[in-house]
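Some notes on the structure that comes next.
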Amino acid sequence: MGWMTVSPKKLSGILHVQPSKSAAHRALCCAALAVGVSVIDNIALSDDVRATLDGLRALGLVSAQAESGRLRITGGLMPPEKERRVDCMESGSTLRFLLPMALIGGGPATFVGRGRLMRRPMDVYSTLFESRGIGWKADGNSITVSGALTPGVFRMPGNVSSQFLTGLLFVLPVLDGDSEIRLTSPLESRGYVEMTRRMQALFGVFSDFLHDSILRVPGNQKYVPQSVRIEGDYSHAAFFLVAGAIGGEVTLTGLPPDTAQGDRAAMDILRRMGAHVTEDSEGVHVSGGHLSGTEIDAAQIPDLIPALAVAACAATGETRIVNAARLRLKESDRLSAVASELRALGADITEHADGLTIAGTGRLKGGVCGSHNDHRMAMSLAVASAICDQDVVIDGWECVSKSAAAFWDEFRSLGGQAFERDMG
C-alpha cells in the first residue's frame, strides 16, 4: 500500500455525487432473479459492486453487458448443477446477499473473500440454515453451502447486520409458499432494509411489516425485468457534507430528497451541530458554522461514524457516539481505528466498548496515520486534513476503490491538495 500526503485546505465547489453502492447491489440482485433483460443505469462499478456482479455470474444467475455507465442484465438463468465458486473480495454485501441466492437451484456453492471478510460474523446464517437442513461448511477461509431453501418462519436477530435480512428477503418471494422473518432483537440499519424493499417493489415483488419484529413475505412471486436508475449515494456524500460543515462551502448534486437511505441523517446531525445545510432545486448546500458537540446514536447509521467523528473534532465541546458496537465488525474495527488514527492527528478521543467520546477543540495538528485498509477511514482522514495545522500523511490510500475509485479526483476537484508520497 502507498502513502498519500494531504495538505490542509478547505474544500469548496460543486460535486455531482456518485451512484449509491447499496442501491446498485440491490438492483443487481433483483435483476438476477427477473427472467429477461433489465437495464441498470447510472451504476458505478466499485470493487464491491463488481464483486456482486461477478458473483451472480459465478452462480450462473446472470449474463451482463456493460454500455457506458449502464448494464444490461439478463437474469433468471438456470444455474449449473456443478459446484460453483464465488470470490466476494472484501464485500460483506456480496457474501450475505448471495449466500441465500445460491440455495434456489444449482449445485453447491463455495464463497471466499479477502481481508477481514471471512472473519466477519456469519452465525446468523449458519444457525438458520443448519436448522433447516441446509449444508453449511466453514473453515475460516471459505463457506460452502448446499441444498434448497424452503419457505417458512425464519427467526433471526436484527442487531448484527441488516444484510442477513436483506439476503433472505431477496429469495423468499420466489419460493413455493409464504414466509415470515421474525426478529428476536430490534432491527438496526432499518433504512437499508427499506432500500431493499423499495428496489424489490420496482421489480414487482412485495413484503409487509406486520409490526416492527415480523416481516411477512408472500411466496410464488415473480421479479419482472425493469429499467432502473441508481440514485446518488448519501453514504458517500457524507464525507463532502462534513467537508463543507468544517469550514468549506460545498454544493452536492444528484442526491434524491425522497430516499430510503438512512445515511441522509448526516444532514440533520450536521445541522444540529451548527452547520448551515440547505436544499433546493440546485442541490444540497453545506457550509460551516460554529459547530458544537452533540450525541450521535449510531444504531441506524453506522457507516456515517468515521466522517461524523471528524465533524466532532471540528466542533467545540463533547460529542458522544453511542450504540456503535457493530462498527467493530466492519472492514476494520472502526471504533478502534477512528480512535487511534484521529488521536494520531491530535484528537482528544476516548474509546468505549460501544462508542466514542470526542472532546472537540476545533483543530487538529496533523501527522501520519493509517487507513486500516478501510475505505471509509481513508476518506475521513483526507477530510480531516481541512482542520489540521500540518499535512496529513495517509498509509493505504488506495483502499477507497472498494466503494469510490474516483474519491481522490473528487477531492481534488473541490480544491483538495493530495499527492502520492514515497516513504522509502
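The values are calculated or read from the model by the stated rules, or taken from the named source; none is laboratory data. Quick caveat: nothing in here was measured; it's all calculated off a predicted structure. A quick note on method: Cβ atoms are made from the backbone with ideal geometry, for glycine too, and the neighbour counts reach across all protein chains shown. These area figures cover heavy atoms from the full protein model, side chains too; ligands, DNA and RNA do not enter into them. Shrake-Rupley method; radii C 1.70, N 1.55, O 1.52, S 1.80 Å.
Go through region 372-406 and give me each residue that's assigned to a helix (DSSP H, G or I), surrounded by fewer than 23 Cβ atoms within 10 Å (Cβ to Cβ) and out of contact with any strand residue (DSSP E or B) (no Cβ under 9 Å at 6 or more places or on another chain).
Ser401
Just checking, which of Glu410, Glu420 is open to solvent by 60 Å² or more (accessible area, probe 1.4 Å), among the charged types (D, E, K, R) and either touching a residue at least 24 places away in the same chain (Cβ under 8 Å) or not in a helix (DSSP H, G or I) (or both)?
Just a single option satisfies the conditions, and that option is Glu420.
Looking at region 234-255, which of the residues that are in a loop (DSSP other than H, G, I, E, B) and at pLDDT 95 or above is farthest from the chain's Cα centre (by Cα)?
Out of the qualifying residues, it is Ile246.
Hey, among Ala148, Ala109, which residue is open to solvent by 20 Å² or more (accessible area, probe 1.4 Å), over 23 Å from the mean Cα position of the chain (by Cα) and of a type in the set (A, V, I, L, M, F, W, C)?
Exactly one of Ala148, Ala109 is open to solvent by 20 Å² or more (accessible area, probe 1.4 Å), over 23 Å from the mean Cα position of the chain (by Cα) and of a type in the set (A, V, I, L, M, F, W, C), namely Ala148.
Please list, ordered by residue number, the strands (runs of 3 or more DSSP E) wholly in region 290-371 having 2 or more residues that are open to solvent by less than 40 Å² (accessible area, probe 1.4 Å) and over 27 Å from Ser7 (Cα atoms).
Strands (runs of 3 or more DSSP E) meeting the threshold: 316-322.
Of all residues in region 49-79, count the ones that are crowded, with 21+ Cβ neighbours inside 10 Å, within 22 Å of Glu231 (Cα to Cα) and among the β-branched types (Val, Ile, Thr).
3
Among Thr319, Thr294, Thr253, which is polar (S, T, N, Q) and farther than 30 Å from Ala353 by Cα?
Thr253
If you check every pair at least six apart or on different chains, which have Cβ atoms under 6 Å apart with a residue in region 291-313 that is modelled with pLDDT of 95 or more first and a residue that is of a type in the set (Lys, Arg) second?
Close Cβ pairs satisfying both conditions: Thr294/Arg272; Glu295/Arg320; Pro306/Arg376.
One residue is enough: does region 4-25 have a residue meeting the conditions among the basic types (Lys, Arg) and more than 30 Å from Glu282 (Cα to Cα)?
Within region 4-25 (the criterion being among the basic types (Lys, Arg) and more than 30 Å from Glu282 (Cα to Cα)), the answer is no, since none of the residues qualifies.
From the list Lys10, Lys82, pick out the single residue that is within 29 Å of Ser385 (Cβ to Cβ), open to solvent by 20 Å² or more (accessible area, probe 1.4 Å) and not in a strand (DSSP E or B).
Going through Lys10, Lys82 in turn, the sole match is Lys10.
Just the residues that are over 21 Å from Val217 (Cβ atoms), touching a Pro at 6+ places or on another chain (Cβ under 8 Å) and surrounded by 14 or more Cβ atoms within 10 Å (Cβ to Cβ), please, taken from region 118-145.
Once the filter is applied, which keeps residues that are over 21 Å from Val217 (Cβ atoms), touching a Pro at 6+ places or on another chain (Cβ under 8 Å) and surrounded by 14 or more Cβ atoms within 10 Å (Cβ to Cβ), region 118-145 yields only Thr144.
Going through region 153-189 one residue at a time, which ones are outside any loop (DSSP other than H, G, I, E, B), farther than 16 Å from Leu99 by Cβ and open to solvent by less than 20 Å² (accessible area, probe 1.4 Å)?
Pro173, Ser179
If Glu90 satisfies every condition in (1) in a loop (DSSP other than H, G, I, E, B); (2) touching a strand residue (DSSP E or B) at 6+ places or on another chain (Cβ under 6 Å) but one, which is the exception?
It fails just one condition, (2).
Quick one: in region 200-224, of everything that is hydrophobic (A, V, I, L, M, F, W, C) and open to solvent by less than 20 Å² (accessible area, probe 1.4 Å), which residue is farthest from Gly105 (Cα to Cα)?
Selected residue: Leu215.
Pairs only if they're at least six apart or on different chains, beta carbon under 9 angstrom, first in region 44-72 and free of Cβ contacts under 8 Å to residues at least 12 places away in the same chain, second in a helix (DSSP H, G or I) and of a type in the set (Lys, Arg); list them, first residue then second.
Sorted first by the residue in region 44-72, then by its partner, the pairs are Ala64/Arg57.
Kindly list, by first and then second residue, each pair from a residue in region 128-147 that is of a type in the set (A, V, I, L, M, F, W, C) to a residue that is open to solvent by 50 Å² or more (accessible area, probe 1.4 Å) and assigned to a helix (DSSP H, G or I), limited to pairs with Cβ atoms under 6 Å and residues at least 6 apart or on different chains.
Matching pairs, first to second residue: Trp136/Glu130.
Here are the criteria: (1) modelled with pLDDT of 95 or more; (2) of a type in the set (A, V, I, L, M); (3) closer than 22 Å to Arg50 by Cβ. Tell me which single one Ala404 does not satisfy.
(1)
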